[in-house]
Amino acid sequence: MKIHEYQAKQILREFKVPVPEGYVAFTPEEAVDAAKKLPTDLAVVKAQIHAGGRGKGGGVKLARSLDEVKQLAEQMIGMRLVTHQTGPEGKEVKKILVEQGIDIERELYLGVVLDRSKSQLVMMASTEGGVEIETVAAEHPEKILKEWIDPAMGLQPFQARKLAFGLGLSGKQVSNAVKFMMALYKAFISKDCSLAEINPLVVTKQGDVLALDAKINFDDSALFRHPELLELRVDEEDPLEVEASEYNLNYIKLEGNVGCMVNGAGLAMATMDIIKLAGGEPANFLDVGGGANVDTVRNGFKIILKDPSVRAILINIFGGIVRCDRVAKGVIEAVHSIDVKVPIVIRLEGTNAKEAAQLLQESELEFAVASTLEDAAQKVMQVLKN
């Protein structure tokens, strides 16, 4: 789950991570009121969207007066901001962050993420602040400092000091940077984050260390522990993905025209691969889980069919924990209760697969039943051509 910069900074404040003073605004008038509260005459007006590269796209501007704040707010709110992460269609700016100006001496990078190859969190730092970390990794990998964190011990002060010295900090800057890193790690663990990225991390001429920008993502699987985080969801997220999460379905919208309903993430990936090998394009990733039932299948259909680009549906279920005949009943009932106007290809294998095949045959509904995964993909391509 993603959140906006202003929301990320609210969370960082909870854990004593230093951030500039700032206020979110939804109208130009609110932006002016926010600027009046700031401790500096210089204000930074920042568009709030779920994408990086806002500065290059014109979504971060400096304002030296209240009139400039209002003018910039009028320009930004309602605009479609295009960055390298949004695609050419861009994203509509519905809110802005009005923040105090900072006397910047240096811009650095700091991030925490899971290193799956070592099954440990890693804190990364770099002197190349304000630059995409992927670019730094590709062009100057030697400039990325890393400290892997023992899950039983947590981030240790000596590790934070090592990173601070590696960044070329000294004196007061080192102690402030260590406090910053320790607080950031505490926030990451406490909120079950999957990513925390501070880019840039700035050092002021007074020696303070601040998060000038902040990006935080959360582990969706841990959100049940944090009901307060669910309230941070905004309408910028894909509405189908939000609705699917309410049904406990794992759904990601893609750009193709073949809707996929599968149980198990690995099988879902294999299904999408075989569709592409057959010449098609999957419209979604939808994992209904191991305990699929009538309601699960019905809700899965609802989500898939709300995507207007879907021209066919491929159901690929392996009956391990769940019985195939139960899935077949769910499909039949769902089709009867929902107006399904696209062809459906079904492959059911595993427990009670024969009983499931008989149910599908006796339903008198026009399903295309496949025996193998390759057969299913070929049948999907055939119905798309008809």
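Points worth noting:
- Distance between the modelled labels on Lys36 and Asp219, one decimal in nanometres: 4.5 nm (7 Å Cα→Cβ projection).
- Across segment 50-66, rounded Karplus estimates of 3J(HN,Hα) from the backbone phi angles (6.51 cos²θ - 1.76 cosθ + 1.60, θ = phi - 60°) give 8, 6, x, x, 5, x, 5, x, x, x, 9, 9, 9, 10, 9, 7, 5 Hz, Gly and Pro being marked x.
- Simple label model, 7 Å out from Cα along Cβ direction - Gln75 to Glu142, nm: 4.1 nm
- Separation of the Ala152 and His50 label points, Cα + 7 Å toward Cβ, nm: 3.8 nm
- Computed accessible area, Cys260, all protein chains, 1.4 angstrom probe, square angstrom: 0 Å²
- Under 25 Å from Lys302, Cα to Cα: lysines that are on another chain or at least 8 residues apart: Lys2, Lys253, Lys276, Lys329, Lys341, Lys379, Lys385
- One chain, two ends: Glu333 and Ala265. Fully extended at 0.36 nm per residue, the span grows by 22.0 nm beyond their Cα-Cα distance.
- For Leu121, the residues 5 or more places off, or on other chains, whose built amide H falls under 5 Å of its own are Asp115, Ile149.
- Loop-located GluC sites (Glu not before Pro) in segment 70-164, at most 15 other Cβ atoms within 10 Å (DSSP): Glu89, Glu132
- Coupling constants for segment 6-21 follow from the phi torsions by the Karplus curve (6.51 cos²θ - 1.76 cosθ + 1.60, θ = phi - 60°), and in residue order they are 5, 6, 4, 6, 4, 5, 4, 4, 4, 9, 6, 7, x, 9, x, 6 Hz; glycine and proline get x.
- Proximity of backbone amide H atoms, modeled 1.01 Å from N, is registered between Leu195 and Asn217 at under 5 Å, excluding neighbours fewer than 5 places apart on the same chain.
- Of the residues Ala265, Ala211, Ala25, the one that moves most in a GNM of the chain with alpha-carbon contacts below 10 Å is Ala265.
- For the pair segment 177-222 / segment 28-49, the C-alpha centres are spaced 22 Å from each other.
- Length gained on full extension, Glu14 to Val242, computed as 0.36 nm times the residue gap minus the Cα-Cα distance: 79.5 nm.
- Extension gain, Gln358 back to Glu255 (0.36 nm per residue minus Cα-Cα distance, nm): 33.7 nm
- Within the chain, longest stretch free of exposed chymotrypsin sites (Phe, Trp or Tyr not before Pro) [DSSP loop, at most 16 other beta carbons within 10 Å]: 27-246
- For segment 1-154, size of Cβ-based charge dipole, Lys and Arg +1, Asp and Glu -1, in debye: 340 debye
- Helical runs (DSSP H, four residues minimum) scored at -39500 (n - 2.57) apiece and divided by the length of the chain put the mean residue ellipticity at 222 nm at -11000 deg cm²/dmol.
- Taking Cα centre as origin and charging only the Cβ of basic (Lys, Arg, +1) and acidic (Asp, Glu, -1) residues, the dipole magnitude of the chain rounds to 720 debye.
- Given charges at Cβ of Lys, Arg, Asp, Glu: the chain dipole, positive-most of Val32, Val17, Ala270: Val17
- About its Cα centre, segment 109-161 has a charge dipole of approximately 220 debye under the convention of +1 per Lys or Arg Cβ and -1 per Asp or Glu Cβ, with nothing else charged.
- For segment 78-122 and segment 308-353, distance of Cα centres in Å: 40 Å
- Of all aspartates and glutamates in the structure, those lying under 15 Å Cα to Cα from Lys179, and not within fewer than 8 positions of it along the same chain, are Glu14, Asp208.
- Segment 1-55: trypsin sites (Lys or Arg not before Pro) falling in loop per DSSP and having at most 16 other Cβ within 10 Å: Lys16
- Most positive-pole-ward Cα, Gly320, Ala43, Val209, against dipole of the chain from beta carbon charges: Val209
- Loop-located trypsin sites (Lys or Arg not before Pro) across segment 316-363 with a Cβ neighbour count of 15 or fewer within 10 Å are Lys341, with loop assigned by DSSP.
- Rounded to the nearest Hz, the phi-derived 3J(HN,Hα) couplings of segment 125-133 under the Karplus curve 6.51 cos²θ - 1.76 cosθ + 1.60 (θ = phi - 60°) are 9, 7, 6, 8, x, x, 10, 4, 5, where x marks glycine and proline.
- Calculated accessible area for segment 1-152 comes out at 50 Å² per residue, all protein chains present (probe 1.4 Å; ligands, DNA, RNA ignored).
- Measuring r between the beta carbons of His84 and Asp273 and using R0 = 22 Å, the FRET efficiency lands at 0.25.
The values are calculated or read from the model by the stated rules, or taken from the named source; none is laboratory data. Note that the structure is predicted; figures quoted are calculated from it, not measured. We place every Cβ from the backbone using ideal geometry, glycine too, and count neighbours over all the protein chains shown. These accessible areas exclude ligands, DNA and RNA; they are computed on the full protein's heavy atoms, side chains included. Shrake-Rupley method; radii C 1.70, N 1.55, O 1.52, S 1.80 Å.
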